[in-house]
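Have a look at the structure below before the remarks.
Each value in this text was obtained by applying a stated rule to the coordinates, not by laboratory testing. Since the model is a prediction, treat every value here as computed from it, not as a measurement. No Cβ is skipped: glycine too gets one built from the backbone with ideal geometry, and neighbour counts run over all protein chains shown.
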Amino acid sequence: MLELNDVTQKNDAQRPSEFVEALAKGLAILECFDATHAEMTLSEVARRVGLTPAAARRSLITLQTLGYVGQKDKRFHLRPRIMSLGSTFYFSAGIGEVLQPNLRSLVEQFGDASSVGTLDGHDVIYIAHYSVQRARRAAAVVGARYAACATSLGRVLLAGLPDSALDAYIASVKPEAITSRSITDPCQLRREIMDVRDKGYSTTVDQLDYGITALAVPIRDLEGRTIAALNTSGYTGRITPESLVEERLPSLREAASHIAHEINRYPILQSMIGT
């Protein structure tokens, strides 16, 4: 979710003169809806975004008029038109042409699921996904976002940060216990991220949800910067981190290298996922 206060409460020296605060408020409201907050009252929206009820109401009325938000009784919800924003990115970036074939190839080879994600603040956003799984668990659908520290993709992306950016992340993050195996201690999390940096890959077991064991590797640009991450995942109990590394790591790295090569051929995609 967009941290509105971190953006809109900067002083003039930190904020561009062209910054439109009303637009930032509207985007923050759109992002405050999620799987556990699918419908909210005006006061709930205002509280989640950090706005006064009057300011939240003005943005909601505007978004409702534009067709992005609906209302039933006193509760607001997103409308299907919001999907057009994500689909515009998906098609303009060429994700279906560049990323999906590689994910399908991995899933055809190993089964299970494969995803590509990029870092956004403290979260990882899934920008491509392919799966043959039908289990009810944390969904890795395109557009889903989860705490970076709780995913194999996120830990690879965090390991790719410059030291100063990683220090800032560790200082500000407040890891939550999503499962009993979640890492909630920042010092332990730093050690895990540094281990990922040394190995060049990350494995997780039941961190985001029970039943998910995953392996992820970085996708790097021509300068060697980590701009995205690629993973393969399966059911805990049927696979282990060790078996993923032994059986899938070479193919995963090969796919990541191929994706990086393809991204370099599409500057618009590189700029979209690398910033």
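Count neighbours as other Cβ atoms within 10 Å of each site's Cβ, and list the GluC sites (Glu not before Pro) in region 12-86 that are DSSP loop with at most 12 such neighbours.
Values: sites: 18, 21, 31, 39, 44; in loops: 18, 39.
Answer in residue order: 18.
Order the peptides 175-182, 246-253 from the highest to the lowest mean number of other Cβ atoms within 10 Å of their residues.
Sorting 175-182, 246-253 by mean packing, highest first, produces 246-253, 175-182.
Per-residue HN-Hα couplings for region 19-29, Karplus 6.51 cos²θ - 1.76 cosθ + 1.60 at θ = phi - 60°, whole Hz, x for Gly and Pro?
Per residue, the Karplus-derived 3J(HN,Hα) values read 4, 9, 5, 4, 5, 4, 5, x, 5, 4, 5 Hz.
Per-residue HN-Hα couplings for region 153-163, Karplus 6.51 cos²θ - 1.76 cosθ + 1.60 at θ = phi - 60°, whole Hz, x for Gly and Pro?
For region 153-163, the Karplus curve yields 4, x, 5, 5, 5, 5, 5, x, 6, x, 4 Hz.
In Å and from the alpha-carbon atoms only, list the Rg and Dmax of region 85-273.
For region 85-273, the Cα-based Rg and Dmax read 15.3, 43 Å.
How large is ³J(HN,Hα), in whole Hz, for each residue of region 67-72 in order, when computed from phi with the Karplus curve 6.51 cos²θ - 1.76 cosθ + 1.60 and θ = phi - 60°, using x for Gly and Pro?
x, 8, 10, x, 9, 10
What full-extension length gain, to one decimal in nm, is calculated for residue 36 and residue 19 as 0.36 nm per residue of separation minus the Cα-Cα distance?
3.1 nm
Kindly state, as a whole number, the per residue volume in cubic angstrom of the convex hull around the alpha carbon atoms of region 4-78.
87 Å³
Which far-off residues, 5 or more places away or on another chain, put their amide H under 5 Å from the one on residue 219, with H placed in the peptide plane?
Result for residue 219 returns 227, 228, 229, 230.
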